[in-house]
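Every number here is computed from the coordinates shown, using simple stated rules; none is lab data. Owing to the predicted nature of the structure, the values given are computational and were not obtained by experimental measurement. Note that each Cβ is placed from the backbone with ideal geometry, even for glycine, and that neighbours are counted across all protein chains shown.
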Amino acid sequence: MLKANLATFDLWGFCKNKEVLSSSNLKFEFKRLQQDQSVSRVNWVNWQMSGGCSSYNESLVNICGTMSLNLICTNCGSMYTTEINFQRGLILQPSELLAENYDESKLTDFQDVVACDSVVNIECWLEDELLLSLPMFPKHLADCVSALYPDKKEELFLLGSSQNESIKPFKGLDQLIKNNKSNT
Ligand SMILES: [Zn+2]
């Protein structure tokens, strides 16, 4: 019964009744997340959405969780696996106008205000939050080389230094000077 109503979900009632939804009893595909250009694969998403009220007695939806993704590193172009935590409190307002004119000094760091005139598609709502928590420029946490070749970092380092040794910028200069001298 719950599933049938998800596309037209009453968030106001959800907050009023302090209900809870989570990934343990609901599975979503999150197609937009899967198709995001920085995402190579969505491994799993653990989420919880709970209804309640803010300290100003407004309807508040808390969303939190963790997701595991394979992202494309913008630095080296290869894939890496990462876990991202997300946490947001969304204060409901009955119209765009009220949401726009909301006194933002009332918000805490994790809170935002959204217009919700009647019913919502709950997957869409949740997915917006997941997309917002993606890094703007996904990148290997450490440097790309050691992330891609954790066992070979030392070898690569040694290879680099031996190559440096073999490059002798003045190699042949002695011979050149000798040749010039013998020509004069
Ligand atoms: Zn990288």
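List of remarks:
- Sparse packing (at most 10 other Cβ atoms within 10 Å of the Cβ) combined with a DSSP loop state is found for the following GluC sites (Glu not before Pro) in the range 1-103: 29.
- Likely footprinting exposure, 149, 56, fewest C-beta neighbours within 10 Å first: 56, 149
- Spatial offset of the range 87-109 relative to the range 1-74 amounts to 18 Å, using the alpha carbon center of each.
- The shape of the range 86-134 comes out oblate: with a ≥ b ≥ c from the C-alpha gyration tensor, a/c is at least 1.5 while a/b does not beat b/c.
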